[in-house]
1. Count, please, the residues in the range 305-334 that happen to be assigned to a loop (DSSP other than H, G, I, E, B) and either aromatic (Phe, Trp, Tyr) or modelled with pLDDT of 95 or more (or both).
2. Confirm whether Ala246 is touching a residue at least 40 places away in the same chain (Cβ under 8 Å), buried (at least 19 other Cβ atoms within 10 Å of the Cβ) and in contact with a Phe, Trp or Tyr (Cβ under 8 Å, 6 or more places away or on another chain).
3. Checking the conditions here, which among Trp276, Trp289 is out of contact with any Lys or Arg (no Cβ under 7 Å at 6 or more places or on another chain), crowded, with 18+ Cβ neighbours inside 10 Å, in a loop (DSSP other than H, G, I, E, B) and among the aromatic types (Phe, Trp, Tyr)?
4. State all residues of the range 126-137 that are assigned to a strand (DSSP E or B) and touching a helix residue (DSSP H, G or I) at 6+ places or on another chain (Cβ under 7 Å); if no residue qualifies, say none.
5. Can you spot a residue in the range 106-118 that is closer than 23 Å to Leu253 by Cα and free of Cβ contacts under 8 Å to residues at least 40 places away in the same chain?
6. Tally up the residues in the range 98-125 that are part of a helix (DSSP H, G or I) and small (Gly, Ala, Ser), please.
7. Taking Gly224, is it under 21 Å from the mean Cα position of the chain (by Cα), buried (at least 22 other Cβ atoms within 10 Å of the Cβ) and over 23 Å from Asn329 (Cβ atoms)?
Amino acid sequence: MNKCLCIAFLLICFACGQKENVVSISGRKIVVNDSAFLIKGICYHPVPKGSNSRNFESLDRDLVLMNEAGINTIRLYSPVDDKEVLDKIHEARIKIIVGFGYNQDGHFDILSGSFADYIIKYKSHPAILFWELGNEYNYHPNWFKGDIKNWYMALNGAVLKVKEIDDNHPVATAHGELPDSLALSICNDIDIWGMNVYRWDDPTGIFGKWKSISKKPMYLSEAGADSYMTISKSGYEQGENQKAQADATRKILKSTFGNQEVCAGLTLFAFVDEFWKAGNPDTQDPGGWAPNSSGVPYDGAPNEEYWGIVDIERNKKEAFQVVKEQYLNVKETN
């Protein structure tokens, strides 16, 4: 191969490599490499039994299960500063939504501005789908001197900072439920609105409401059900109840994928049970709010340690098969 051909070949390879990293917005769609991308995702925060800290010792096994279930996106609540982990996820053909917290003691957080360091470091990594700032902080004005406007102003400022650094990936936030007019007016530079939505087993109503107030993409950054019934209700018996979780999951996914003209998909909560949340991290403990106090199916109580579609040992729950059925068979609409 002569010198000119070698240079041309390298330029083509470089251009192709760059193209892999471009994620954009077209109307209400998320676009990856010029093709609409439907999020068939999962929230992922792997904490081993007996621990309170996330680690990725089970990543290889988890990625095999995710591939089996048709999962194409992982939502992370905090950044992973480990290229090997990101590389493995990319090699599994899965994209990542990277979340940043507001105050994480200066560790890649919004308050210190160090989140920008992470974006500079990893903005060219092909696994990145988009950046996400905050997780339902609208429920916690007390974290922002009692005025949620302080969060929204910090959020939009951080969005603009991301866009200065990286013009190849959109910027999102995960909002608790539908954002109100205050949030939308202050945070008008956000590209994608994630919404954590728990409306029993049917989130359908939120899609029409979003369509009426915004033309931007949205996705369900959290939705789902746990596999423990605090009380007997709606034909489901008290105690561990995988059927209740599976039935609710099926209805939630059907509703979401039936509204693709508005919704770009979802990251179901969650991949694996989390023993660290409600009691002794060595044991699985029921725990959550009082029954009938929230929109969690079917008992109204979010038993925090039972949300996985696999258990802590990676045994598949009934909900895993539902996710697999829905994710592998859903037809994407243009």
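The values are calculated or read from the model by the stated rules, or taken from the named source; none is laboratory data. Because the structure is predicted, anything quoted here is derived from the model rather than measured. Positions of Cβ are backbone-derived with ideal geometry, glycine not excepted, and every protein chain shown enters the neighbour counts.
1. Count: 12.
2. On the way: touching a residue at least 40 places away in the same chain (Cβ under 8 Å): yes; buried (at least 19 other Cβ atoms within 10 Å of the Cβ): yes; in contact with a Phe, Trp or Tyr (Cβ under 8 Å, 6 or more places away or on another chain): no.
In short, no.
3. Working: Trp289 fails: crowded, with 18+ Cβ neighbours inside 10 Å.
Criteria check complete, one pass: Trp276.
4. We begin by selecting, within the range 126-137, every residue assigned to a strand (DSSP E or B); these are 128-135.
Selection gives Ile128, Trp131, Leu133, Gly134.
5. So the first thing to find is which residues in the range 106-118 are closer than 23 Å to Leu253 by Cα, and the list is none.
No.
6. 1
7. Numbers: under 21 Å from the mean Cα position of the chain (by Cα): yes; buried (at least 22 other Cβ atoms within 10 Å of the Cβ): yes; over 23 Å from Asn329 (Cβ atoms): no.
When the stated conditions are applied, Gly224 does not pass them.
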